[in-house]
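> One structure, pasted below without further comment.
What follows draws every value from the coordinates through simple rules; no lab data is involved. Computed from a prediction, not measured in an experiment: that's the story for all the values here. All Cβ positions, glycine included, derive from the backbone under ideal geometry; neighbour counts span all protein chains shown.
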Amino acid sequence: MRSNRTCATPLAGEGEYALVGHKWFLSAPMSDAWLVLAQAPGGLSCFLMPRRLPDGARNAFRLMRLKDKLGDWANASSEVEFCGAWARRIGAEGRGVATIIEMVMLTRLDCMLGAAAEMRMALAQALHHARHRRAFGRRLVEQPLMANVLADLALESEASTALAMRVARAVDAAARDPAEAAFARVATALGKFWLCRRAAGFVNEAQECLGGAGYVEESMLPRLYRQAPLNSIWEGSGNVQCLDVLRALAREPQSRQVLLHELEQARGHDAAYDAAFDALPPTGEGEVVAEAMARHMAASLAILLQAATLLRAGSPVAAAFIAARLAAPMPPAYGMLDASVAFSDILERAVPSR
Ligand SMILES: Cc1cc2nc3c(=O)[nH]c(=O)nc-3n(C[C@H](O)[C@H](O)[C@H](O)COP(=O)(O)OP(=O)(O)OC[C@H]3O[C@@H](n4cnc5c(N)ncnc54)[C@H](O)[C@@H]3O)c2cc1C
């Protein structure tokens with residue numbers, strides 16, 4: 001963001017500027033207005049750039065082309081040239097990143113909710129297929145190995161939805177509750193990284209549950225498969241989220257405290273959870289986690305937070321999730337739950353209700 005070279009020249013009217021520059025990604029070009037960052041005399045600043053001027057004339061920018069994207073086809077993205085486009089400054093000059101980050105916090109939450117929703121939809125499709133398709137003499141859902149895969153997906157889906165909803169609650173409360181604001185600050189980055197990272201592999205596994213039908217466009221799995229990687233890329237890619245988590249832990253004591261408090265409150269219900277909590281790398285004041293280990297740290301915290309959220313909600317799948325994700329090193333693929341897990345109970349809970 002800070003190396004942005006779009007230039008904002010002040011005009012005669014208070015807070016009005018002319019933008020000159022190029023933007024390689026501008027999504028939703030059919031919108032009535034966009035938030036744009038550009039360099040004003042006082043530094044990088046945030047602007048609202050409308051499609052039309054107050055007198056109704058077209059604003060001075062050109063959509064150069066639409067992007068040819070892997071997926072996300074229902075939402076056009078474009079490349080744009082600003083040719084002296086009229087824009088109004090939002091926030092102070094030089095405070096562009098701080099201003100736009102308020103919006104970015106919400107869009108990062110959107111990414112997390114979107115990833116959880118993609119997983120839930122993919123699971124619903126896989127469950128429907130497996131409950132109706134017969135192979136090798138019985139319905140797929142009755143085949144023990146398929147039940148293991150589906151149950152593991154169901155655990156992931158429920159834990160992801162629970163975490164996304166917990167973060168959404170914190171974002172909602174942030175304006176009136178400083179502790180929830182501090183929690184939202186770090187948990188948004190954690191959840192954006194982990195849920196979005198898990199979604200693509202999850203959708204591919206669900207796709208495979210449909211066999212060949214999951215690879216053809218009559219099913220919705222190809223569309224979900226194309227869409228799934230996007231949330232981990234835009235609005236700050238995975239590494240950027242992980243580095244943000246490190247930054248929050250190192251520089252924002254309140255964020256670190258409320259996160260650890262949230263995790264601590266779930267202790268005492270599950271021995272494997274307690275042991276995983278005790279094994280967390282130190283995050284105390286002055287204890288800096290190496291950048292190269294940021295993914296390790298963020299993933300550990302995100303899985304613990306998913307587990308804590310399930311435990312505190314009294315979810316009947318909390319113990320199975322913790323056993324599968326925290327009690328031992330995480331298996332390299334879905335469908336590797338211990339055979340003693342009650343697959344049918346988990347699946348019954350996961351079947352969409354009418
Ligand atoms: C479909 C689509 C629509 C988009 N729409 C918009 C839009 O409307 N407006 C807009 O402004 N942007 C938009 N974007 C851009 C998007 O926000 C960026 O592509 C995204 O944030 C990643 O930034 P980048 O492309 O500059 O990648 P880079 O910053 O070049 O990053 C490349 C890789 O390097 C990693 N990386 C970066 N820094 C570090 C580091 N310090 N340490 C380790 N790894 C690092 C990143 O995690 C990433 O994996 C859109 C992108 C897509 C795909």
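> Please get the size of the charge dipole for the chain, origin at its Cα centre, with Cβ charges of +1 on Lys and Arg and -1 on Asp and Glu, quoted in debye to the nearest 20. Provide the component values of the computation, followed by the final result.
Working: 38 positive and 37 negative charges, 176 e Å.
Its charge dipole is roughly 840 debye.
> Please rank T161, T107, fewest neighbouring Cβ atoms within 10 Å first, as an exposure proxy.
On the way: T161 19, T107 16.
Ranked by crowding around the Cβ, least crowded first: T107, T161.
> Compute the projected area of the convex hull of the Cα atoms of region 174-233, averaged over all viewing directions, and report it in nm² to one decimal place. Spell out each step's value before the answer.
Values: hull surface 20.4 nm².
It is 5.1 nm².
> Build a GNM of the chain with springs between Cα atoms under 10 Å: which of P144, P41, P332 gets the top mean-square fluctuation?
Top of the fluctuation ranking is P332.
> Moving to a separate point now. Between L48 and R223, what length comes free when the chain is fully extended (0.36 nm per residue of separation minus the Cα-Cα distance, one decimal in nm)?
Extending this stretch completely gives an extra 59.7 nm.
> What is the projected area of the convex hull of the Cα atoms of region 7-94, averaged over all directions, in nm²? Don't skip to the end; give the middle numbers.
Details: hull surface 23.7 nm².
Dividing the Cα hull surface by four gives the mean projection, 5.9 nm².
> Which angle between 0 and 90 degrees, to the nearest 10, do you get for helix 144-173 versus the longest principal axis of the chain when only C-alpha atoms count?
The angle comes out at about 40 degrees.
> Select from A228, Q241, A275 the residue farthest towards the positive end of the dipole of region 176-279; place +1 on Cβ of Lys and Arg, -1 on Cβ of Asp and Glu, and compute about the Cα centre.
Going by the Cα projections, it comes out as Q241.
> Separate question: Report, ordered by chain and residue number, the aspartates and glutamates lying within cross-link reach of K69, taken as a straight Cα distance under 14 Å and ignoring same-chain residues fewer than 8 apart.
By straight Cα distance, K69 reaches E79.
> Counting only the backbone N, which residues of region 26-42 are under 15 Å from the spot 7 Å out from the Cα of C7 toward its beta-carbon?
38-42
> Using Stokes-Einstein with the Kirkwood hydrodynamic radius over Cα pairs, what translational diffusion coefficient do you get for the chain at 4 °C and a viscosity of 1.567 mPa s, in µm²/s rounded to a whole number? Please list the in-between numbers first.
Values: Rh = 22.3 Å.
It diffuses with D of about 58 µm²/s by this estimate.
> Using θ = phi - 60° and the Karplus form 6.51 cos²θ - 1.76 cosθ + 1.60, what ³J(HN,Hα) does each residue of region 6-18 get, whole Hz, x for Gly and Pro?
Per residue, the Karplus-derived 3J(HN,Hα) values read 5, 9, 10, 9, x, 9, 5, x, 4, x, 9, 9, 10 Hz.
> Okay, next question. Quote to one decimal, in nm, the extra length available between D278 and R131 on full extension: 0.36 nm per residue of separation minus the C-alpha distance between them. Show your work: numbers first, answer last.
On the way: separation 147, 0.36 × 147 = 52.92 nm, distance 4.05 nm.
Taking D278 through R131 to full extension adds about 48.9 nm, to one decimal.
> So, one more: Using Cβ counts within 10 Å as a stand-in for footprinting exposure, how do T188, T283 rank, fewest first? Each step should come with its number before you reach the end.
Details: T188 26, T283 18.
In increasing order of surrounding Cβ atoms, one gets T283, T188.
> A further question follows. So which residue, out of E180, E205, E81, gets the largest mean-square fluctuation from a GNM of the chain using Cα contacts under 10 Å as springs?
E81
> So how do F25, F82 line up by other beta-carbon neighbours within 10 Å, fewest first? Display every interim value, and only then the final one.
Working: F25 10, F82 25.
Ascending Cβ contact count within 10 Å gives the list F25, F82.
> So, one more: Springs between alpha-carbon atoms under 10 Å, Gaussian network over the chain: tell me which of D338, D32, D55 tops the mean-square fluctuations.
D55
> Moving on. Specify the inter-centroid distance of region 51-85 and region 243-321, based on alpha-carbon positions, in whole Å.
The two parts, judged by their Cα centres, are 42 Å apart.
> Continuing with this model, one more query. Helix-only mean residue ellipticity at 222 nm, the chain, DSSP H runs n ≥ 4 weighted -39,500 (n - 2.57), per residue, nearest 500. What is it?
Only helices count here, giving -17000 deg cm²/dmol.
> Moving on. Determine the gain in length on full extension of the stretch H22-L63; use 0.36 nm per residue of separation and subtract their C-alpha separation, reporting nm with one decimal.
The H22-L63 span can extend by a further 13.8 nm.
> Next question. Calculate how steeply helix 96-132 sits against the longest principal axis of the alpha-carbon atoms of the chain, using the helix alpha-carbon long axis, and give the answer as 0 to 90 degrees to the nearest 10.
Tilt of helix 96-132: around 30 degrees.
> Using 19 Å as the cut-off for backbone N distance, which residues of region 257-273 belong to the label zone defined by a point 7 Å from the Cα of R176 along Cα→Cβ?
In region 257-273, the label zone of R176 (backbone N under 19 Å from the point 7 Å along Cα→Cβ) covers no residue.
> For the Cα atoms of the chain, what angle does the longest principal axis make with the long axis of helix 294-312, in degrees from 0 to 90, nearest 10?
60 degrees
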